[in-house]
Amino acid sequence: MSNYSDSQFSEENQNNSWYKAMMLIPGGSKVLDIGCSSGNFGRELIDRKKCTVDGFELDAKDAKIAAEKLRNVKVLNIEKDAIEGISERYDVIYFGDVIEHLIDPVMALKKVKSLLAPNGVVVFSLPNMAHVTVRLQLLKGDFDYSETGLLDKTHLHFYTMKELGTVFSEAGYEVVKLEFVEKDYPNLLIKDYLDDLGLIADKKFYDLMRQPDAAAFQFVGVAKPSLDIIPLKREQFGPIDFFESYYTNKEAEFINTKSFLQENNEALETKNTILEKKIKDYENHPYKNVVSFLKNRVKSVIGR
């Protein structure tokens, strides 16, 4: 059984992914819960929103338990197993904290389109790798996996708000609604953490840590297939490549500037040599004394 088999729905705490996903799924919908675990979320959809819920589950033990709660449950790996023989079409396909466990999330999202009814949507929840706690941990040079949570050791793909949009657009979906499970971090704790690292932050830094992409523990949203979506283009190089490229470009810029200054200096030296020669030629000109005599003569006449 998985680490999430015992997860329960709670109406008291509305700042959690199950509650937010529940609110995004219309009542009476036909729902396919991919990675349904022991079926607890699907059972709540049936009881609270009168949905019809089927499930796909990788873990056979969890699937057996879920089969007692949902209409139909298949032991199925959404990435490896065929789904062409499934005739059902669903109003909602739910990926509850599942996509981050997939080897190829784009392929899986493309694959399930065939199971969507007309106007059907994908409802999803994903952990946010850019949460302030992960940022602070990385500042310290750590990236410690855990049994569950943001750094669950079984996560294969890590998401930020930007990466979420990139993956869905590559799969041919438009994210039409995005909400956040917020778990912010008090400024005092951030300050203590930074103090231990010998770092000082200003107001701008603390404000950034309050932005959704830093305060969000999870993203919860709705995506619909779109033929008009233009896939977001990934960067060709990573951060270290950009640094090396920046260094190379700056080095080339310096060499070009140096070459330019040397060429201009040589041109100035040439001009200076020419001017010096002209001055010398003028100083030695045979008419120099005559010109000087005439100037003095004019001055003496005017002076009279």
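Just so it is clear, none of the values below were taken in a lab; they were calculated from the coordinates. Since this is a predicted model, take the numbers as computed values, not measurements. Cβ coordinates were reconstructed from backbone atoms using ideal geometry, including for glycine residues, and neighbour counts include every protein chain displayed.
In this entry, the stretch 1-124 is assigned a mean projected area of 7.2 nm², taken as a quarter of its C-alpha convex hull surface. If both residues of a DSSP beta bridge must be in the stretch 17-234, then about 45% of such bridges are antiparallel. Cα centroids of the stretch 93-114 and the stretch 50-65: how far apart, whole angstrom? Using only Cα atoms, the two centres lie 16 Å from each other. Provide the FRET efficiency to the nearest 0.05 for the ASP104-PHE260 pair, computing r from the beta carbons and using R0 = 51 Å. For ASP104 and PHE260, the calculated efficiency is 0.55. Of the trypsin sites (Lys or Arg not before Pro) found in the stretch 90-144, those that fall in a DSSP loop while having at most 16 other beta-carbon atoms within 10 Å are LYS140. Run through all the Cα pairs of the stretch 17-234 and give the fraction in each 10 Å bin from 0, expressed as whole percent. Per 10 Å bin, starting at zero, the Cα-Cα P(r) for the stretch 17-234 comes out as 8, 31, 33, 18, 8, 2, 0 percent.
With R₀ fixed at 51 Å, the C-beta to C-beta distance from ILE230 to ALA267 puts the FRET efficiency at about 0.50.
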